[in-house]
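The values are calculated or read from the model by the stated rules, or taken from the named source; none is laboratory data. Keep in mind that this is a model prediction, so the values were computed, not measured. Cβ placement follows ideal geometry from the backbone for every residue including glycine, while neighbour counts extend to all protein chains displayed.
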């Protein structure tokens, strides 16, 4: 007698399998939307698509607050003694504008493909406020930069964003909502506390964030530690301690790094001479500028410009209050 077996029910897709599907689709969309090596614009001014076709050896960079989601390839960031790996499984969240060093794994056959989201402080504050009003404030330790495992919800949001960018009407009507959803997905994750702390100007972390914004807008001026400490409403010793905890460097080193990064960008983007760029960013001594530039970047200004042209995609200046090489 023939035994009748009930039909097999379809099995639920595992999260790992769903993430693999999402990654494959993101790679396909990014290959289409980012055909050029370097930075590719989207209809959303705060979001760019990155495509290096070659590896980049360890180089100093200055990231502004933002989120980097990678669909293919790998980057490693070095900040002090810590190493931050961000790849297809992990995204990078930067709460403060931070100078660090970075290297990239990419080839012509498998380029690095990434979505870079510049953090808009006004939108971020609004999304965090609405989360806190409905869900309560989630406590956590503030930090300037961290990598976090990419979950399925954020991956799917990114994929829907990339899909919308393929059509001008969808980009215009759905793009702002999807950007807001990207913020939401990040803020309810592990990095929500860091982003919240950077925007809370009453807290130590937020007051340092305010000072960093001041440095980026006034890097060419004669900034003193006493002036910056007053800006943060702290004593000089307290300011030093909280600044180092947030940025992993001293205020003077941070100012110097910001000036040097901006000088490098002026030479690369506008064709300025080293002398003109050094004067523009506040150096009175060209020889001091040359020494400090070589100490940070490992070569003279002309050598660094040649290296950048060979290996480094310099983005166009965007609508940001920060100096940024990203």
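Restricting 122, 157 to residues that are within 19 Å of the chain's Cα centre (by Cα) and at pLDDT below 95 narrows the list to 122.
Being without any contact (Cβ under 8 Å) to a residue 24 or more places away in the chain, buried (at least 18 other Cβ atoms within 10 Å of the Cβ) and out of contact with any strand residue (DSSP E or B) (no Cβ under 6 Å at 6 or more places or on another chain): is that true of residue 229 here? So residue 229 passes the test.
Given the criteria surrounded by fewer than 22 Cβ atoms within 10 Å (Cβ to Cβ), over 23 Å from residue 34 (Cα atoms) and more than 17 Å from the chain's Cα centre (by Cα), does residue 101 qualify?
Working: surrounded by fewer than 22 Cβ atoms within 10 Å (Cβ to Cβ): yes; over 23 Å from residue 34 (Cα atoms): yes; more than 17 Å from the chain's Cα centre (by Cα): no.
So residue 101 fails the test.
Scanning the stretch 66-81 for residues that are out of contact with any strand residue (DSSP E or B) (no Cβ under 7 Å at 6 or more places or on another chain) and without any contact (Cβ under 8 Å) to a residue 40 or more places away in the chain yields a single hit, 81.
Pick from the stretch 33-46 the residues that are more than 19 Å from residue 74 (Cβ to Cβ) and out of contact with any helix residue (DSSP H, G or I) (no Cβ under 8 Å at 6 or more places or on another chain): which of them is surrounded by the most Cβ atoms within 10 Å (Cβ to Cβ)? The extreme case among them is 41. Looking across the stretch 189-200, the residues that are out of contact with any helix residue (DSSP H, G or I) (no Cβ under 6 Å at 6 or more places or on another chain) and farther than 16 Å from residue 98 by Cβ come down to 189, 190, 192, 193. Residues in the stretch 149-181 that are in contact with a strand residue (DSSP E or B) (Cβ under 6 Å, 6 or more places away or on another chain) and within 12 Å of residue 67 (Cβ to Cβ): 150, 158.
Checked against the criterion of being assigned by TED's automatic domain parsing to the domain that holds residue 86 and farther than 28 Å from residue 278 by Cβ, the candidates 233, 172 yield just one match: 172. When each of 30, 49, 19 is tested for being touching a residue at least 60 places away in the same chain (Cβ under 8 Å), crowded, with 16+ Cβ neighbours inside 10 Å and in a strand (DSSP E or B), the lone residue that passes is 49. Being free of Cβ contacts under 8 Å to residues at least 24 places away in the same chain, outside any loop (DSSP other than H, G, I, E, B), over 24 Å from residue 261 (Cβ atoms) and not assigned by TED's automatic domain parsing to the domain that holds residue 257 is a description that applies to residue 122.
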